Amino acid sequence: MQSASTGVRGVKLFNEYSSMRAAWCRFAPLGFLGASLGLAACAGKGTGLDANGRPLGSGGGVGGAITADFQSIQDNVFTPVCTVCHAGAGAPQGLRLDAANSFNLLVNVPSTEVPSLVRIRPGDPDNSYLIQKIEGHASVGAQMPFGGPPLAADVIAAIRQWVSDGAQPATAQAAPAVFKVLSTAPATDDLLIGSLPQVMLAFNQEVDAASVDQQSLRLERVAATGEAGSSELVLAKLSLPAPNPHALLLTPLSPLQPGHYRVLAHTAPGLELADINSRPLTLNSSGVGDDPVILEFDVAGDQ
Amino acid sequence: MRVKVAMALSAVAVWLCATQTARAEPYLAVQGGYECSTCHVNPTGGGLRNDFGLVYAQNVLPAQTIGGPDAVWGGKLTEFLRLGGDLRANWTRNEAPKSPSQQKFALDQVRLYGQISMIRDRLSLYVDEQVAPNSAQNLEAYVRYSDPAHGWYVKGGKFYLPFGWRLQDQTAFVREVTGISMTTPDQGVELGYETLRWSAQVAVTNGAANAQSGSGHQVTGQVVFVQPRWRVGLAASQTQADAGNRRVAGVFAGLRTGPIVWLGEADLVSDEGYPEGKRKLGSLLGEADWNLAKGHNLKLTAEYYEPDRNVGEDQQTRWSLLYEYTPIQFLELRAGYRRYRGIPQNDAQNRRLTFIELHGYF
C-alpha cells in the first residue's frame, strides 16, 4: 500500500521533472549568461553619491584622514562601515550608529550584551564596551565590524583618543544644527569668461519648497565703484531642481553682461529661505544693509 | 553530464542574483529532501544534531568513514541527555583598496549544545552556548513542549528567529539586511507546526530595536512547503519599535538537479528607523552547491544588496567560491574567496576575503 503510493508519486515526480528539465535545457545557457552578466554589472557606479552611498549633500561622508573627533569618526567609521548592520529598527542590540542616533546611543548608555559596561565611558576607553568590541576582546560576541576586516590600528587609536579626551559630541551637534550654504557654483571670487547659464547654491539640508519665493535670493550687478546703492537688480528665476532638494538654481532671464555680481539673501521675515525643519538660513558673511551676501563673482566679456 | 551541468547553470538563471552562504546546512537538507528537523534537534535547524543527523554525518557526508561503530561518538550521554558542539578555527586574509592587507589565524567560535528530554518526545530543555572566543555567551536557551501526534510544538525562552535560509555564513547580505541570523537570537515564544510536507513557525519576541527599553515587539513567521526535490518558503517579520517600525518579507526556495543543489532567497525590507525616515532595502541570494564526489562540495554564491531603493547606483554585490572537503566524519575543511563590489568611493564595499577554515563537530 505504502510502496505503491510512493511509486505512483515517484512516476509523477519524474514526469514533472522531465518536462522542467526540457525547459531548462533550452533556456539554460542563455539564462545563465544573462544572469551572470546582469549581476556582475549590478554594483552601483556611485554617480552622485558620497562615500557612504548617500546622495551628495545629504550630510556626512566627507571622508579624509581620521582624526580624534566625533564627526570624523562618524564619517570615516560609523556611517561607512557600521551602518550596514547598525541602522534602522533592525539594528543589532538596538545600537543605531547612523549620524542622527549614534552619539545618543553610545555615550553613557549601558551595553545590551554586558549591561554592567557602558558603550562609551568618557575618559575611560578600556572600560568602554564599543572599544572592547572593535579591539576584539569584549567578553561577549564577535569583534566588530562583524565578519569584516578589523578596523585599522590608526582608526582604533583615533576612537580611543576621542574617548580619552572626554567623548565630546561633534561641534555641529553641540550647537543647535543650522541650515547653511555648503558650496556654490561659481565659487566666490570666480572670474567667469563669457556668460553663465545659472548660479547653483548647495545647502546642508533640504530646502523647504514652500519657503522659496522669487525674492528669497536676488542677483545684483554692482557698478565699478562698488558703493552701496550703486547696484542694479538682475532679473533671474529661482528654482528648486526636483531630483535634488538640497540645491537652488538662479537662472538669469538674459545673458549676464561683463561686470561684478553678487547674490544676496533676503532676511525680512516671511521672505527668508528655510530648510524642511523650518530653520532659517544662517549666513556669516557681512551684508549689504540687512541682507547678507552669499556669493560674489565677476563676469569678463567674451574675447 | 554536460546536460546536467548546463541544467545546473541554468538554474542559476532561475534563482538569479546573489548567493551566499554557507556551510552547508540548508543545502544538505535540500539535497536529501529533508526538513531541518530531520537532522537537527531544533525544528528550525542549526545547532545540535539528532540521531539521524549524526548517522548522516558519519556515513553520507565524509569521503571516508573511519573507526568501527564502537569508536565513534553517538550523541547521547544517557537516554535523556544529548550533547553536541561545533568548533571553527580559521585563517583569513582581507584586502581592500588603499589599505594594507590584513591576515591572521583566529579561533572563530566554539559552541556547545545540550538538550535534556524531561519527557521523551514531549518536553525538553535546550541550550546553545558559545564558549569561545572570549567569555561564554548564551545564544539559545528554551523549553519546548511538543505534541508529536499532531505536529505542534511551542517553545519559550531565547532562540533564533524563523526566517529564510538559516545559512552558516552570517555575513550573507540576506542575513544582514533582514537582521535575522544566528547572531541575533531574540527572546519570546514560538509556535511551530511540522508535518512531512509543511513546516511553519510564528514567533513573538522583543525585537532588536527594543533590546534595551522599547515598548514594542517583533512578530516573525515562515511557512515552508517541502518536496523531495524542491521546496519553497515564505517568510515575514514585523517589528514595532519607538525607533520606527520595520517590515521584512522574503521568499526562499531550494531545488535539486542531479549533483547540484540550488538555493535562492529574496528579501524586501521597509524600515522607518532611519534618520531621514523610511528606507526600503532589498537583498538577493543565489547559491549552487555541487557535490563533486562524496565528501567534496563546490559552492558558488552570488549576492545582491540594494541599500536604498530611492537612491540609484548604490548597489552592492558579492561573489563567493568555496570548496568544502569532509575527509572523515565530523571534520570539515573549507577554503574560499569572497569578492565584494560596491560604489568605487567606498573601500570596504570593494574588499576581498580569502579564508581557510577547520571545522570539527559532534
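Sorting the segments A:71-83, B:145-157 by their mean number of nearby beta carbons within 10 angstrom, highest to lowest, gives A:71-83, B:145-157. The mean count of C-beta atoms from other chains within 10 Å of the C-beta of residues in A:75-88, rounded to a whole number, is 4.
Over chain B, dividing the summed -39,500 (n - 2.57) contributions of all DSSP H runs of at least 4 residues by the number of residues returns a 222 nm mean residue ellipticity of -3000 deg cm²/dmol. The mean number of partner chain beta-carbon atoms within 10 angstrom of a residue's beta-carbon across peptide B:177-185 is 3. Put simply, when B:182-189, B:163-170 are sorted by average Cβ atoms within 10 angstrom per residue, most first, you get B:163-170, B:182-189. Centre-to-centre, using Cα atoms only, segment B:64-88 and segment B:341-355 are separated by 41 Å. Based on every Cα atom in chain B, Rg and the maximum pairwise Cα distance Dmax equal 20.2, 63 Å. Across segment A:181-300, the volume of the C-alpha convex hull divided among the residues equals 100 Å³ per residue. Here the peptides B:306-315, B:71-80 are ranked by packing, the mean other Cβ count within 10 Å, and the order with the highest first is B:306-315, B:71-80. Computed from the alpha carbon positions, the gyration tensor of segment B:63-199 leads to an equivalent ellipsoid with semi-axes of 32, 23, 15 Å, biggest first. Between A and B, roughly 4900 Å² of accessible area is buried in total, ligands, DNA and RNA not counted and the probe set to 1.4 Å. Rounded to the nearest 20 debye, the dipole magnitude of segment B:2-361 is 700 debye, with +1 charges on Lys and Arg beta carbons, -1 on Asp and Glu beta carbons, and the Cα centre as origin. Counting Cβ atoms of other protein chains within 10 Å of each residue's Cβ and taking the mean over peptide B:274-284 gives 3. Computed 3J(HN,Hα) for segment A:157-170, one whole-Hz value per residue from the Karplus formula 6.51 cos²θ - 1.76 cosθ + 1.60 where θ = phi - 60°, is 4, 5, 5, 4, 4, 4, 5, 4, 6, x, 6, 6, x, 5, glycine and proline marked x.
3J(HN,Hα) along segment A:103-120: 4, 5, 9, 10, 6, 6, 9, x, 5, 6, 6, 10, x, 6, 10, 8, 5, 10 Hz, from the Karplus curve 6.51 cos²θ - 1.76 cosθ + 1.60 with θ = phi - 60°, whole Hz, x for Gly and Pro. Computed over protein heavy atoms with a 1.4 Å probe, the carbon and sulfur contribution to the accessible area of segment B:125-275 reaches 60%.
At 0.36 nm per residue, and after removing the present C-alpha to C-alpha distance, how many nm does the segment from A:Leu240 to A:Ala268 gain when stretched out fully? That pair, A:Leu240 and A:Ala268, stretches by 8.0 nm at full extension.
Potential lengthening of the chain between B:Glu79 and B:Arg339 amounts to 89.0 nm, from the contour at 0.36 nm per residue minus the alpha-carbon distance. Remark: chain B carries 40 Å² of accessible area per residue (probe radius 1.4 Å; ligands, DNA and RNA excluded).
The values are calculated or read from the model by the stated rules, or taken from the named source; none is laboratory data. Keep in mind that what you see is a predicted model, and the values were worked out from it rather than measured. Note that each Cβ is placed from the backbone with ideal geometry, even for glycine, and that neighbours are counted across all protein chains shown. SASA here: full protein model, heavy atoms, side chains in, ligands and nucleic acids out. Shrake-Rupley method; radii C 1.70, N 1.55, O 1.52, S 1.80 Å.
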